[in-house]
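What follows is a set of notes on a single structure, which appears directly below.
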Amino acid sequence: MTSKDTVRFTGASNLRQRIVTSILSGRTCVIRDIRAKTLTPGLRDYEVNLLRLLDKLTNGTKVDISEDGTGLKFTPGVVKGGRRVTHECATSRGIGYYVESVLTLALFAKKPLELTLTGVTNDDADVSVDVFRTVTLPMLKKKFGIDEGLGLEVTRRGC
C-alpha cells in the first residue's frame with residue numbers, strides 16, 4: 001500500500017463519514033489527535049461500537065486503535081452484507097447514529113443486508129428511526145428506484 005492509498009485526518013470531526021468514505025473508496029484512513037486536548041481524550045464508546053458494527057458488515061476490515069484512543073488506523077474491507085446480522089448499539093447514542101452509516105454501506109453490499117440493532121430508538125442527538133422509516137426510505141424508493149427488500153421495522157421502543 002502506498003501513501004497515495006492512505007488518507008490522513010486530524011480530530012474527531014466527521015468520523016462516521018470518514019470511515020464510510022474509506023470503505024467505499026477502498027482507501028486506508030488514519031485519524032490522529034482524536035479529542036487529544038480534552039479532559040476525556042480519544043474515541044467515545046459509541047464510536048468504537050460503530051467500528052465494531054462496520055467490521056461485522058465488511059470482510060477484511062482491520063481497525064487499529066492507539067492505546068490512549070486518540071489515534072485510529074482503519075483499513076477497509078469489502079462490504080458483504082448478510083442475513084440475520086445482529087448488533088447491540090451503545091446506549092449513549094440513538095440507533096439513528098448507526099443507521100445513517102449502515103444505510104449508506106448497505107446500498108453497496110455484495111449480498112442483501114438483514115440487520116437487527118438493539119439500543120435506544122430515539123435521543124436528542126440523532127435522527128430518529130421514525131424519520132428513516134417515514135422519510136429516508138420512501139425517498140430512496142422514489143428517487144433511486146430502490147424498492148426490493150428495503151424496510152425498517154421497530155419491534156420495540158426504548159433502551
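For the reader, a short list of remarks on this structure follows.
- The lone exception for C89 - which of (1) more than 17 Å from Q17 (Cα to Cα); (2) in contact (Cβ under 8 Å) with a residue 40 or more places away in the chain; (3) over 12 Å from the mean Cα position of the chain (by Cα) it fails: (3)
- Residues considered: T104, T116, T91, T86. Of these, the only one that is over 18 Å from C29 (Cβ atoms), out of contact with any Ser or Thr (no Cβ under 7 Å at 6 or more places or on another chain), open to solvent by 50 Å² or more (accessible area, probe 1.4 Å) and among the β-branched types (V, I, T) is T91.
- Answer residue from region 1-26, given it is charged (D, E, K, R) and over 14 Å from the mean Cα position of the chain (by Cα) and is surrounded by the fewest Cβ atoms within 10 Å (Cβ to Cβ) among those: K4
- Residue that is farthest from the chain's Cα centre (by Cα) [pool: residues in region 27-77 that are part of a strand (DSSP E or B) and loosely packed, with under 14 Cβ neighbours inside 10 Å]: D64
- Among the numbered conditions (1) touching a residue at least 40 places away in the same chain (Cβ under 8 Å); (2) touching a Leu at 6+ places or on another chain (Cβ under 9 Å); (3) surrounded by fewer than 17 Cβ atoms within 10 Å (Cβ to Cβ), the only one that K141 does not meet is (1).
Every residue, every condition in (1) assigned to a loop (DSSP other than H, G, I, E, B); (2) within 22 Å of D45 (Cβ to Cβ); (3) modelled with pLDDT of 90 or more, yes or no:
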residue	(1), (2), (3)
H87	no, yes, yes
G96	no, yes, yes
A109	yes, no, yes
L115	no, yes, yes
D126	yes, yes, yes
P138	no, no, no
K141	no, no, no
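The values are calculated or read from the model by the stated rules, or taken from the named source; none is laboratory data. Worth saying up front: this structure is predicted, and the values here are computed from it rather than measured. Cβ atoms come from the backbone with ideal geometry, glycine included; neighbour counts cover every protein chain shown. Only protein heavy atoms, including side chains, enter the accessible area calculation; ligands, DNA and RNA are left aside. Shrake-Rupley method; radii C 1.70, N 1.55, O 1.52, S 1.80 Å.
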